[in-house]
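Below you'll find the structure, written out as structure tokens, and then a few comments.
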Amino acid sequence: VKVRSGRLDPLEAVDERKQRHLSRVAFDFLKRHGMLGRPARFDVVAVDGKTLECTHVADAFDVALDY
């Protein structure tokens, strides 16, 4: 969960670097819990703090692992 007050589009805030980090954390979690091979996906949800409008992007990005 990330809170932003700037003008950057929240969906753009999940850049390639963050995608790689989330991918590594998810891989480690799945491995630790014996769940490698199970389907998993990354969704991004953005909430506009002024209008409370929600944008949900299902399957927002693919796993980005360097190993």
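The values are calculated or read from the model by the stated rules, or taken from the named source; none is laboratory data. All figures in this text were calculated on a predicted structure; none of them were measured in a lab. Reconstructed Cβ throughout: ideal geometry from the backbone, glycine too, with neighbour counts over all protein chains shown.
Numerical summary
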{"read-out": "Hits in region 34-67 (condition: under 14 Å from H21 (Cα atoms) and acidic (D, E))", "value": "D62, D66"}
{"read-out": "Identity of the residue in region 28-67, β-branched (V, I, T) and not in a loop (DSSP other than H, G, I, E, B), that ends up surrounded by the most Cβ atoms within 10 Å (Cβ to Cβ)", "value": "V44"}
{"read-out": "Candidate set: region 14-27, residues that are surrounded by 12 or more Cβ atoms within 10 Å (Cβ to Cβ) and either part of a loop (DSSP other than H, G, I, E, B) or among the charged types (D, E, K, R) (or both); chosen: the one modelled with the lowest pLDDT", "value": "V14"}
{"read-out": "Residue list for region 13-67, restricted to those being under 11 Å from the mean Cα position of the chain (by Cα) and at positive phi", "value": "D59"}
